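Undergrad: First, the structure itself, so that you have it in front of you.
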Amino acid sequence: MDGGESVANRTVDGFDMKRGRTSEGEGGEKEKRREGGVKEGIASEQLMMASQIIREWTGIQQFPPATQTKMFELLGKLKQENVNSLTILVMGKGGVGKSSTVNSIIGERVMAVSAFQSEGPRPMIVSRSRAGFTLNIIDTPGIVEGGYVNDQALELIKRFLLNKTIDVLLYVDRLDAYRVDNLDKQVVRAITDSFGKEIWQRGMVVLTHAQLSPPDGLSYEDFFSRRSEALLKVVRGGARIANREMEDYSLPVVLVENSGRCNKNDCDEKIVPNGTAWIPNLVKTVADVVANGSKGILVDRKLIEGPNPNQRGKLLIPIILAIQFVLPVLMPNSTFLLSNRLKRGSIMMLRTKGNLHGSCGTRIPLDGTDICLISL
């Protein structure tokens, strides 16, 4: 290892593990606060901030020469397209291999991974720079807890992404998960509701644990095809992608094997059972998604907080006022009832001579009741 790497033995992404402060000297004041009895959460926050420091992408040198050549070619292609930085968001359920995939792409152990520990509770960003190109990868905690989508985890992720642009979404799942269910659809829908349907134009599916023997005597390609189609169907359904929109939401699927026992080809590259060198193939697919003509997703405050509820129904006010003044003139024998607190999804009803006419055309006896509001 060179001198820069020897410093890494003492620091983690700019954070001095020995002295408990950032190597840039920002930790002086925070160190005093810690000495004064600061809570442990401050230290974790400091680590998170330190991890955002852009470091030289030395991990790329750990790849075999054939993989390095392909990676540099892809980075050069992106720069020719005036893409000098790339931000990748990694999402999915817990335990599917999100953090391990980040480590594999970077070529360093930047995210803690353990089979006996749960995932980190908050998003983490790692940034690496090489030859004028900056790669940012955001690892996120699993968004499922107790069999349901964890809204609190989603909110944490959205706040973390404020003012960042998502260039590519990696939706990670396992190849060896033999079936899909309604929870998968809920996860996709939660991502869609959080970042908009358009995020899937910048999306791709990553299937980890790719080195397996298919069940029931299926060939590897057949099993991969069936698993991919089943998951893509759920993604399209959860993201509400219509058949006519398929061309705009191609959603490529790539295979990944992060374990140390991954097979290798004659060039010492890690390969999946179909013979594909998966690390350069993953990066190539990312580059293809960036070049597909769609726009990156800017996570601004409006996207995080959603539409202003105060604006809800304001467009209907002129129509409501017109009806309020016109109907008594046209139908003097009628009593027009209007609630001054119009609920979303409600039907206004008109009472005429003891009966109620709804906007749906139904006629409902009132039995002496003066007001009726039917909510959908």
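The values are calculated or read from the model by the stated rules, or taken from the named source; none is laboratory data. Quick caveat, the model's predicted, so the values are computed rather than measured. Counting neighbours? That spans all protein chains shown, and the Cβs are built from the backbone with ideal geometry, glycine included. Side chains included, ligands, DNA and RNA excluded: accessible areas come from the protein's heavy atoms. Shrake-Rupley method; radii C 1.70, N 1.55, O 1.52, S 1.80 Å.
Undergrad: On the basis of being among the hydrophobic types (A, V, I, L, M, F, W, C) and either crowded, with 18+ Cβ neighbours inside 10 Å or closer than 22 Å to residue 259 by Cβ (or both), does residue 175 make the cut? Show your work before the answer.
TA: Values: among the hydrophobic types (A, V, I, L, M, F, W, C): yes; either crowded, with 18+ Cβ neighbours inside 10 Å or closer than 22 Å to residue 259 by Cβ (or both): yes.
Yes; evaluated as a whole, the condition is true for this residue.
Undergrad: Counting only residues that are among the hydrophobic types (A, V, I, L, M, F, W, C) and open to solvent by 10 Å² or more (accessible area, probe 1.4 Å), which one in region 233-244 is nearest to residue 109 (Cα to Cα)?
TA: Initially, region 233-244 is screened for residues among the hydrophobic types (A, V, I, L, M, F, W, C), giving 234-235, 239, 241-242.
Filter once more, so that each one left must be open to solvent by 10 Å² or more (accessible area, probe 1.4 Å): 234, 241-242.
On the way: 234: 32, 241: 36, 242: 40 Å.
Ranking the candidates gives 234 first.
So that you can scan it fast, the table gives a plain yes or no per residue for (1) farther than 23 Å from residue 157 by Cβ; (2) open to solvent by less than 60 Å² (accessible area, probe 1.4 Å); (3) of a type outside the set (S, T, N, Q):
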position	(1), (2), (3)
231	no, yes, yes
246	yes, no, yes
249	no, yes, yes
263	yes, no, no
266	yes, no, yes
278	yes, yes, yes
292	yes, no, no
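Undergrad: If a residue has to be farther than 18 Å from residue 103 by Cβ and not polar (S, T, N, Q) to count, how many in region 234-270 make the cut?
TA: Step one: filter region 234-270 for residues farther than 18 Å from residue 103 by Cβ, giving 234-253, 263, 265-268.
Subsequent filtering for residues that are not polar (S, T, N, Q) retains 234-242, 244-249, 251-253, 266-268.
Summing the residues that are farther than 18 Å from residue 103 by Cβ and not polar (S, T, N, Q) in region 234-270 gives 21.
Undergrad: Here's something else I'd like to know. Which pairs do you get when a residue that is within 16 Å of residue 282 (Cα to Cα), found in region 53-68, comes within reach of a residue that is open to solvent by less than 30 Å² (accessible area, probe 1.4 Å) and not aliphatic (A, V, I, L, M), reach meaning Cβ atoms under 7 angstrom, with the pair 6+ apart or on two chains?
TA: Hits for this filter: 60/107; 63/107; 64/269; 66/269; 67/269; 67/280.
Undergrad: Could you please find all residues in region 134-178 being within 23 Å of residue 105 (Cα to Cα) and among the small types (Gly, Ala, Ser)?
TA: Of the residues in region 134-178, the ones within 23 Å of residue 105 (Cα to Cα) are 134-143, 157, 160-161, 164-177.
Hits for region 134-178 are 142, 177.
Undergrad: Mind telling me which of the residues 270, 284, 302 ends up being open to solvent by 50 Å² or more (accessible area, probe 1.4 Å) and either over 28 Å from the mean Cα position of the chain (by Cα) or modelled with pLDDT under 90 (or both)?
TA: 302
Undergrad: Could you check, for region 204-213, whether at least one of its residues is among the β-branched types (Val, Ile, Thr), open to solvent by less than 30 Å² (accessible area, probe 1.4 Å) and under 21 Å from residue 263 (Cβ atoms)? Don't jump to the end; show me each part of the working.
TA: The initial filter retains those residues of region 204-213 that are among the β-branched types (Val, Ile, Thr), namely 205-206, 208.
Adding the requirement that they be open to solvent by less than 30 Å² (accessible area, probe 1.4 Å) leaves 205-206, 208.
Subsequent filtering for residues that are under 21 Å from residue 263 (Cβ atoms) retains 206, 208.
Within region 204-213 (the criterion being among the β-branched types (Val, Ile, Thr), open to solvent by less than 30 Å² (accessible area, probe 1.4 Å) and under 21 Å from residue 263 (Cβ atoms)), the answer is yes, since at least one residue qualifies.
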